[in-house]
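The values are calculated or read from the model by the stated rules, or taken from the named source; none is laboratory data. The model shown is predicted, which means the values in this text are computed figures rather than measured ones. Neighbour counts are summed over all protein chains in view; Cβ atoms, including those assigned to glycine, are modelled from backbone coordinates with ideal geometry.
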Amino acid sequence: MNGRFSALACAAALGLALVSGGALAADKFIVVQSTTSTQNSGLLDELLPKYTAKSGTEVRVVAVGTGQAIKNAANCDGDVLLVHAKPAEEKFVAEGGGVKRFDLMHNDFVIIGPESDPAGVAGMTDAEAALKKIAAAKAPFASRGDESGTHQKERSLWKAAGVDVKAASGDWYRETGSGMGETINTGVGMGAYVLTDRATWSAHKNRAGYKILVEGDKDLFNQYGVILVNPAKCPNVKADLGQDFIDWLLSKEGQDAIAAFRINGEQQFFPDAQKSAS
Amino acid sequence: MQDFGSAVWQALGLVASFDRDLLEIVLLSLRVSLTAVLAAGLVGLPLGAVLAVLRFPGSGLLVVLLNAMMGLPPVVVGLVLYLLLSHAGVLGPLNLLYTPTAMIVAQAVLVTPIIAALARQTVADIRGEYREQLQVLGVSRRTEVATLLWDARYSLLTAMVAGFGRAIAEVGAVIIVGGNINHVTRVMTTTIALETSKGNLALALGLGMILLSLTILVNAAVQGLRATAARTAYA
């Protein structure tokens, strides 16, 4: 009988140790709803420790697509929103979800594809024309299909190119419904073209001979914005801590830190805060 | 295919170097999943036993539903819990979203039906053997449930282990309610998903191997516990 109980007691003790053994989380923290590109590129890993060291505030990042990030912020599940889809961000602020939108930084989108380049778009600097060629060749194109900032940009480019991708969905146009990295993995797997932000691609390891084929069009501009979730709508928002983080990002120190971030020696994000809200 | 070789090396390297981040992630995974399984066991085992013993109108339908709930899609459980725990949801004031507690709740919801359904079957099976004895002794239903649960305890460990397998392996629910926040809610499965999305396929696979080893260790520990307990019991 004793043996049985000691065995059970051991199991229970192990369980209790695990239940109570969790790390004590810092009290002073904010939740930032952000996009996968800022996390997957490694930018946030570089910025956040600098800010935390200075302010003592832990920054917890939930990295999802811009569409989901905005939806989460609209549900008051976060203090700061850091995303890249200006029209959607402005709508979010106009609807009372956020206080003010600030330009933070930009980089650009690129179209990557296999070396074989079945649509022959390598070296093009006109994104619309390149997409038209891809559509004409019915070459596979992997889309995020998830309402992310990149997906919204991609749809506006297809619209400008006059291509109805809805009709081709499931045929040469393939909506993965997943994040940027996963979509690149899928695209690489099926030999499809992919529109991606430059930072995610620069940091991506599974390249399988893929290259940047189209870049340099001003339509491929990718603007990031930062917004404090509206404490008037969401009383749980830590307005002071959140605003302090935003102020730091927009300050010379924060902007310099963004500019200093490199992947393979290459600058990935270009700070462009102007202090005035748009 | 070089990814497989590379994955093994990366996994061994991480383990050998006692990588601190990895240790933190492993411990959180164990803490979340073991707690969820314990909680699910506390509810699921008695529930299963009661369903095995009691017959009432609709009990057959309840068993079908319970068995079907073993197939609850994690991502749906995550979504429903997100909607409840969100600040815009009814449980928002609890401030549980993006915490390990939310992840424990999510996994407990997924695991309870598995433990309850397997416990119900196990208890129903041994009840067939015990029924006459119990009838002769004229024990109450409550004592019957307790007796059957106790006598089936080693078989019921299998139900708990099955529940643990589900909990430690799922990603769909915890990534939604946990948010995969570094140093706060990042567990093995969400790390694997993240590294996959970064294209670090070898590292992701290596982490998968570590996760699998962990599951084997836990199962071995349970097996050892069962053997030791059984030996002492019959010695």
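Being of a type outside the set (S, T, N, Q) and closer than 22 Å to B:Asn67 by Cβ is the filter here, so list the residues in region B:120-152 that pass it.
B:Arg120, B:Val123, B:Ala124, B:Asp125, B:Ile126, B:Arg127, B:Gly128, B:Val145, B:Leu148, B:Leu149, B:Ala152 - these are the residues of region B:120-152 that are of a type outside the set (S, T, N, Q) and closer than 22 Å to B:Asn67 by Cβ.
What single numbered condition from (1) charged (D, E, K, R); (2) within 14 Å of chain A (Cβ to nearest Cβ); (3) under 25 Å from B:Val37 (Cα atoms) fails to hold for B:Arg231?
Among (1) charged (D, E, K, R); (2) within 14 Å of chain A (Cβ to nearest Cβ); (3) under 25 Å from B:Val37 (Cα atoms), the lone unmet condition for B:Arg231 is (3).
Hey, can you tell me all the residues within region A:134-149 that are more than 24 Å from the chain's Cα centre (by Cα), outside any loop (DSSP other than H, G, I, E, B) and buried (at least 18 other Cβ atoms within 10 Å of the Cβ)? Write out each step before concluding.
Going residue by residue through region A:134-149, those that are more than 24 Å from the chain's Cα centre (by Cα) are A:134-139.
Filter once more, so that each one left must be outside any loop (DSSP other than H, G, I, E, B): A:134-137.
Within region A:134-149, A:Ile134, A:Ala135 qualify.
Return a yes/no flag: does region A:221-243 have any residue that is in contact with a Ser or Thr (Cβ under 9 Å, 6 or more places away or on another chain), at positive phi and more than 14 Å from chain B (Cβ to nearest Cβ).
The answer is no, given that none of the residues of region A:221-243 is in contact with a Ser or Thr (Cβ under 9 Å, 6 or more places away or on another chain), at positive phi and more than 14 Å from chain B (Cβ to nearest Cβ).
Against the conditions (1) in contact (Cβ under 8 Å) with a residue 60 or more places away in the chain; (2) in a helix (DSSP H, G or I), where does B:Thr215 fall short? Just the number, please.
(1)
Can you say whether B:Val37 is assigned to a helix (DSSP H, G or I), within 14 Å of another protein chain (Cβ to nearest Cβ) and modelled with pLDDT of 95 or more, as far as the supplied structure shows?
When the stated conditions are applied, B:Val37 passes them.
What do you reckon, is A:Asp197 farther than 19 Å from A:Pro118 by Cα, out of contact with any Leu (no Cβ under 7 Å at 6 or more places or on another chain), more than 12 Å from chain B (Cβ to nearest Cβ) and surrounded by 24 or more Cβ atoms within 10 Å (Cβ to Cβ)? Steps first, please.
Values: farther than 19 Å from A:Pro118 by Cα: yes; out of contact with any Leu (no Cβ under 7 Å at 6 or more places or on another chain): yes; more than 12 Å from chain B (Cβ to nearest Cβ): yes; surrounded by 24 or more Cβ atoms within 10 Å (Cβ to Cβ): yes.
Spelling it out, A:Asp197 is indeed farther than 19 Å from A:Pro118 by Cα, out of contact with any Leu (no Cβ under 7 Å at 6 or more places or on another chain), more than 12 Å from chain B (Cβ to nearest Cβ) and surrounded by 24 or more Cβ atoms within 10 Å (Cβ to Cβ).
So, in region A:150-185, of the ones that are in a helix (DSSP H, G or I) and of a type in the set (Asp, Glu), which residue ends up nearest to the other protein chains (Cβ to nearest Cβ)?
So in region A:150-185, the residues in a helix (DSSP H, G or I) come out as A:150-161, A:165-168, A:180-185.
Applying the additional criterion that residues be of a type in the set (Asp, Glu) yields A:154, A:182.
On the way: A:Glu154: 18, A:Glu182: 5 Å.
Going through the qualifying residues, I end up with A:Glu182.
Kindly list the number of the only condition in (1) surrounded by fewer than 17 Cβ atoms within 10 Å (Cβ to Cβ); (2) farther than 24 Å from A:His84 by Cα that fails for A:Lys159.
Condition (2) is where A:Lys159 drops out.
Name the single residue, out of those in region B:101-114 being surrounded by fewer than 24 Cβ atoms within 10 Å (Cβ to Cβ) and either within 14 Å of another protein chain (Cβ to nearest Cβ) or in contact with a Gly (Cβ under 6 Å, 6 or more places away or on another chain) (or both), that is nearest to A:Pro235 (Cα to Cα).
B:Thr101
Go over the candidates B:Leu85, B:Leu30, B:Leu96 one by one and state the one that is out of contact with any His (no Cβ under 7 Å at 6 or more places or on another chain), surrounded by 21 or more Cβ atoms within 10 Å (Cβ to Cβ) and within 14 Å of chain A (Cβ to nearest Cβ).
Exactly one residue qualifies, and that residue is B:Leu85.
Being outside the structural domain of A:His204 (by TED's automatic domain parsing), assigned to a helix (DSSP H, G or I) and buried (at least 19 other Cβ atoms within 10 Å of the Cβ), is that true of even one residue in region A:93-115?
yes
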